[in-house]
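Read through the structure below, which is laid out as structure tokens, and then see the notes.
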Amino acid sequence: MSLDVTLQTDPGVILDDPVDEARRQVEICNACRYCEGFCSVFPAITRDKVFADGDITQLANLCHNCRGCYYACQYTAPHEFDLNLPAALAEARAESWERLAWPGGIAQKFQRHGTALAAALVTGFALMILSISALPGGGEGFYAWIGHTAMVAIFLPAFVLPLATLAVSLRRYWAEVGGTRITLADLHAAAISAGRMKNLDGGQGQGCNFEEGERFTNERRYAHQAVLWGFLLCFGATAAGTILHYVFDSPAPYGFFSVPKLLGVPGGILLVIGCAGLLVLKSRSDPALGTPGRGSGEWAFVWLLGLVGLSGLLLYWLRDSVLTGPMLALHLGSVLTFFLVTPYSKMAHGFYRFAALVREAQAKDGR
């Protein structure tokens, strides 16, 4: 197949800037259109002829890095165009997270040194909580180790401040990609796409090629769904416990057949299974198709989220034993670390990707 359209950039010159290089490759894809049915990225590409920086940011965050297009492409190396669209969009996507994050600079450091930073934070926070638990206290269950007031004083700011930081970052993103007023229809379309992991089905439901080599599989899609629904169940368990405490004057501990436990235990199991699956799949993937220089941050995000689920399950299993205190410190330390690094870790990709799906719903509607 030959490209018979005029490109804005020289298709044979690889560029150093991540956004410019992604634009070069997107223009070639727009001229070729062989992969048009693979995912939402390619129909979105065909709506434009010229791609501004904001368009590249939107396309990069709409991409789920399933990599099927790479194995289907006739312009990959050794062709002179040397296309590697998954890697180009992944680098532009990571660059957008780091650039739009507030305050600046933290995301870049975490993406490059995430494993060491996360391990240090979990250890430090766990030791801090162990020190607090050594103080005289009262209450039942876990509150015998750390009081409710101390829990609120530590975790309320750790939950609210990262959300405020993310709100600033997403506002910057929305302005850059040209988003308009959001409607309920936009949110509904984005939620359906995110819940079904539509962009990980390879376009025909056969899955993606995330593992090294040309092999379609839905394993990554299922692992992502386990993580997503596990996280939502755990969040629901926390919300249910908060409502029971403040609205119904029913503080913890709760029995197994209570709402917090019926949501939290399955949620923790799904988190552990999903994160373990993602770690296995990542170990099998081709790093040349991912984000260069950000592997530490990607690994750290997955194992940290898995540690939150695993330590929560172990804490429930080991309750009322001599290991309750250390396990509680490890669990709360991992949760606190997870909250604080959310705006700067790959956890932010869930917020950016949902925003990209909302913007895509608007673009389909002609807005």
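The values are calculated or read from the model by the stated rules, or taken from the named source; none is laboratory data. Because the structure is a prediction, the values reported are computed rather than measured. Here Cβ is always computed from backbone atoms with ideal geometry, including for glycine, and neighbour counts include all displayed protein chains.
Of the residues A31, A72, which single one is surrounded by fewer than 20 Cβ atoms within 10 Å (Cβ to Cβ), over 26 Å from T217 (Cα atoms), over 22 Å from the mean Cα position of the chain (by Cα) and among the hydrophobic types (A, V, I, L, M, F, W, C)?
Numbers: A72 fails: over 26 Å from T217 (Cα atoms).
Criteria check complete, one pass: A31.
Quickly run through the stretch 170-196 and pick out the residues that are of a type in the set (A, V, I, L, M, F, W, C) and not in a helix (DSSP H, G or I).
Of everything in the stretch 170-196, those that are of a type in the set (A, V, I, L, M, F, W, C) and not in a helix (DSSP H, G or I) turn out to be V177, I182.
One residue stands out among those in the stretch 43-62 that are of a type in the set (A, V, I, L, M, F, W, C) and at pLDDT 90 or above: the one that is nearest to V358 (Cα to Cα), which is L62. For the condition loosely packed, with under 15 Cβ neighbours inside 10 Å and modelled with pLDDT under 90, A134 qualifies.
Within the stretch 299-323, if we keep just the residues that are farther than 23 Å from L233 by Cβ and over 16 Å from the mean Cα position of the chain (by Cα), the residue that is surrounded by the fewest Cβ atoms within 10 Å (Cβ to Cβ) turns out to be V322.
Among the residues of the stretch 52-64, is there at least one that is farther than 20 Å from F351 by Cβ and more than 26 Å from the chain's Cα centre (by Cα)? For the stretch 52-64, residues farther than 20 Å from F351 by Cβ and more than 26 Å from the chain's Cα centre (by Cα): absent.
Please tell me if W303 is of a type in the set (F, W, Y), in contact (Cβ under 8 Å) with a residue 12 or more places away in the chain and over 30 Å from S133 (Cα atoms). The answer is no for W303. Which of (1) of a type in the set (V, I, T); (2) farther than 29 Å from A60 by Cα; (3) touching a residue at least 40 places away in the same chain (Cβ under 8 Å) does I273 not meet, given it meets every other one? Here I273 meets the rest and fails (2).
Within the stretch 145-169, restricting attention to residues that are of a type outside the set (F, W, Y) and outside any helix (DSSP H, G or I), which residue is surrounded by the fewest Cβ atoms within 10 Å (Cβ to Cβ)? Talk me through it step by step, then tell me what you get.
Residues of the stretch 145-169 that are of a type outside the set (F, W, Y), as a first pass: 146-154, 156-158, 160-169.
Remaining after also requiring outside any helix (DSSP H, G or I): 146-147.
Values: I146: 21, G147: 18.
Residue satisfying both the conditions and the ranking: G147.
Any residue in the stretch 40-59 that is among the basic types (K, R) and surrounded by fewer than 22 Cβ atoms within 10 Å (Cβ to Cβ)? Walk me through it before giving the result.
The first filter runs over the stretch 40-59 and keeps only residues among the basic types (K, R), leaving 47, 49.
Imposing the further condition that a residue be surrounded by fewer than 22 Cβ atoms within 10 Å (Cβ to Cβ) reduces the set to 47, 49.
Taking every residue of the stretch 40-59 in turn, at least one turns out to be among the basic types (K, R) and surrounded by fewer than 22 Cβ atoms within 10 Å (Cβ to Cβ).
If L232 satisfies every condition in (1) under 30 Å from A252 (Cβ atoms); (2) at pLDDT below 80 but one, which is the exception? Of (1) under 30 Å from A252 (Cβ atoms); (2) at pLDDT below 80, only one is false for L232: (2).
When the criteria are applied in full, A361 meets the requirement of being among the hydrophobic types (A, V, I, L, M, F, W, C), within 26 Å of I192 (Cα to Cα) and at pLDDT 90 or above. Per the listing G295, G309, G333, the residue uniquely modelled with pLDDT under 90 and assigned by TED's automatic domain parsing to the domain that holds L228 is G295.
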